[in-house]
Amino acid sequence: MADTLSTQIVTLTEAAQAMAKRFLAQEDDPQGKVLRVRVESGGCFGFQYAVELDAKTDDDLVQAYDGFEVVVDPVSREFLEGATLDYVDTIGHAGFKFDNPKATGSCGCGTSFDVE
């Protein structure tokens, strides 16, 4: 069974929360959908972030926000604890952006990172 957390692994800014709600509202069948935040192998620096709409799994760690939930798998938790997720919309770039204190380096576009 998924574990609802009393503390946040990833903090979502107001802009990120608003965009998550908008994405969920645009889903044909939003029932049971959550915002999944994870880390996967790849990118220029070895790891990259992923943000997607998905369904909960039994081993997910759940963060409750007003109107939606964010889930993080146990492996990604090690990389994401203390990170902030924002949504930016500037000329040339619109999307989720991470500020991760555990990242020791990142690529120019900010989607790939390294940890020591």
Would you check if there is a residue in the range 3-20 being at positive phi and assigned to a loop (DSSP other than H, G, I, E, B)?
no
Single condition P74 does not satisfy, out of (1) touching an Asp or Glu at 6+ places or on another chain (Cβ under 8 Å); (2) surrounded by 12 or more Cβ atoms within 10 Å (Cβ to Cβ):
(2)
Count - residues of the range 20-60 that are in contact (Cβ under 8 Å) with a residue 24 or more places away in the chain and over 12 Å from the mean Cα position of the chain (by Cα)
16
Subset of the range 31-51, residues touching a helix residue (DSSP H, G or I) at 6+ places or on another chain (Cβ under 9 Å) and surrounded by fewer than 14 Cβ atoms within 10 Å (Cβ to Cβ), comes to E40
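Read the figures in this text as sums done on the coordinates, not as results from a lab. Because the structure is predicted, anything quoted here is derived from the model rather than measured. Counting neighbours? That spans all protein chains shown, and the Cβs are built from the backbone with ideal geometry, glycine included.
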